1. If you check every pair at least six apart or on different chains, which have Cβ atoms under 6 Å apart with a residue in segment 152-177 that is open to solvent by 10 Å² or more (accessible area, probe 1.4 Å) first and a residue that is of a type in the set (Lys, Arg) second?
2. Which one is modelled with the lowest pLDDT, of the residues in segment 28-57 that are in a strand (DSSP E or B) and of a type in the set (A, V, I, L, M, F, W, C)?
3. Applying the selection to segment 192-224, what residues are in a loop (DSSP other than H, G, I, E, B), open to solvent by 40 Å² or more (accessible area, probe 1.4 Å), in contact (Cβ under 8 Å) with a residue 12 or more places away in the chain and more than 18 Å from GLN12 (Cα to Cα)?
4. What are the pairs with Cβ atoms under 9 angstrom where one residue, in segment 180-191, is part of a helix (DSSP H, G or I) and the other, located anywhere, is among the basic types (Lys, Arg) and surrounded by 12 or more Cβ atoms within 10 Å (Cβ to Cβ)? Sequence gap at least six, or different chains.
5. Among the residues of segment 161-176, are any at pLDDT below 95, touching a Phe, Trp or Tyr at 6+ places or on another chain (Cβ under 9 Å), farther than 20 Å from GLN12 by Cβ and of a type in the set (Gly, Ala, Ser)?
6. Just give me the residues in segment 1-51 being in contact with a strand residue (DSSP E or B) (Cβ under 8 Å, 6 or more places away or on another chain) and either β-branched (Val, Ile, Thr) or on the phi > 0 side of the Ramachandran plot (or both), in sequence order.
7. Given the options GLY238, GLY156, name the one that is within 24 Å of ALA28 (Cβ to Cβ) and touching a Leu at 6+ places or on another chain (Cβ under 9 Å).
8. Scanning segment 99-142 for residues that are among the small types (Gly, Ala, Ser) and modelled with pLDDT under 95, which turns out most open to solvent (accessible area, probe 1.4 Å)?
Amino acid sequence: MTFRPEELLIDQVAQFIGDVRHIAVGNASPIPAAASLLARERGNGRPYVSLLGSPKNTFWTDGARELFDCAGQGRIDVFFLSGGQIDGHGNINLVEIGEHAHPKVRFPGSFGSAYLYYVVPKVILFRTEHSRRTLVPQVDYISAPGASEPNVFRTGGPVALITNRCLFTFAKGRFTLQSVHPGHTVEEVLENTGFDFERPASVPQTPAPSPETLKVLREKVAPQLAEVYPQFAHQVFGTAIPA
């Protein structure tokens with residue numbers, strides 16, 4: 001069965017979520033949102049999924065402020081972050097590129113990412129543009145650090161980075177290449193990654209989504225996703241755009 005690249009990424013993110021109680025998804029995150037809904041379908045209603053901007057899939061009444069409260073209370077197990085830049089230490093940049101007084105590029109802003117990076121136990125990084133422009137040796141501005149000094153109390157941090165080319169895991173301050181997606185190669189990943197990373201002698205190919213997974217995605221997840229991301233659901237799954 002054929003599949004779209006987005007469906008492969010959704011399946012991989014869902015598998016990385018694991019057995020948890022509560023997943024939260026921020027704004028502008030259709031792939032993590034779809035992966036969270038897929039995880040819930042696979043778990044027969046567990047874990048609980050909170051999507052910002054979704055009246056049907058969140059108990060919050062106070063938006064992001066309540067998200068931060070829940071995270072600080074230890075009531076969120078998984079969150080997702082991205083960045084205009086991500087470096088090999090797991091640092092992300094959501095602020096700017098270049099000198100602060102005269103930046104070359106301005107990003108939307110950190111919006112609590114540093115706080116969530118510290119308190120959510122499992123943070124999955126994602127970036128759909130895998131290039132030396134986005135995966136850099138060192139970020140220009142640290143919005144949220146991937147690691148902390150030993151004397152800093154921290155319950156959360158990055159566990160993986162999923163891109164349009166491959167899957168990295170993160171441990172002890174470094175990324176390790178776990179698999180390369182179909183249609184891509186290790187050489188391509190090396191050429192397009194600005195930071196150094198570990199890799200096994202033989203890097204496996206990322207497994208394709210099973211027919212059962214694709215069926216659940218297209219028939220059950222897509223209609224739910226369309227509530228918050230109608231254009232994405234229409235483009236990837238062919239879901240009708242709500243009137």
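The values are calculated or read from the model by the stated rules, or taken from the named source; none is laboratory data. On a predicted model such as this, the values are computed, not experimentally measured, just so you know. Positions of Cβ are generated from backbone atoms using ideal geometry, with glycine treated the same way; all protein chains shown enter the neighbour counts. With ligands, DNA and RNA removed, areas are computed over all heavy atoms of the protein, side chains included. Shrake-Rupley method; radii C 1.70, N 1.55, O 1.52, S 1.80 Å.
1. If the second residue must be of a type in the set (Lys, Arg), the pairs left are VAL159/LYS122.
2. Step one: list which residues in segment 28-57 are in a strand (DSSP E or B), which gives 48-51.
Those still in the list that are of a type in the set (A, V, I, L, M, F, W, C) too: 49, 51.
Details: VAL49: 96, LEU51: 93.
Result: LEU51.
3. Passing the criteria: ASP196, ARG199, PRO200.
4. Within 9 Å, the pairs are VAL186/ARG199; GLU188/ARG165; VAL189/ARG165; VAL189/ARG199; LEU190/ARG199; GLU191/ARG132.
5. no
6. From segment 1-51, those in contact with a strand residue (DSSP E or B) (Cβ under 8 Å, 6 or more places away or on another chain) are 9, 12-13, 16-18, 20-26, 29, 31-33, 36-37, 39-40, 47-51; that's our starting set.
The answer is VAL13, ILE17, GLY18, VAL20, ILE23, VAL25, ILE31, VAL49.
7. Numbers: GLY238 fails: touching a Leu at 6+ places or on another chain (Cβ under 9 Å).
From the options GLY238, GLY156, the qualifying one is GLY156.
8. Of the residues in segment 99-142, the ones among the small types (Gly, Ala, Ser) are 101, 109-110, 112-114, 131.
Now restrict to residues that are modelled with pLDDT under 95: 101, 109-110, 112-114.
Values: ALA101: 78, GLY109: 24, SER110: 37, GLY112: 28, SER113: 2, ALA114: 36 Å².
Result: ALA101.
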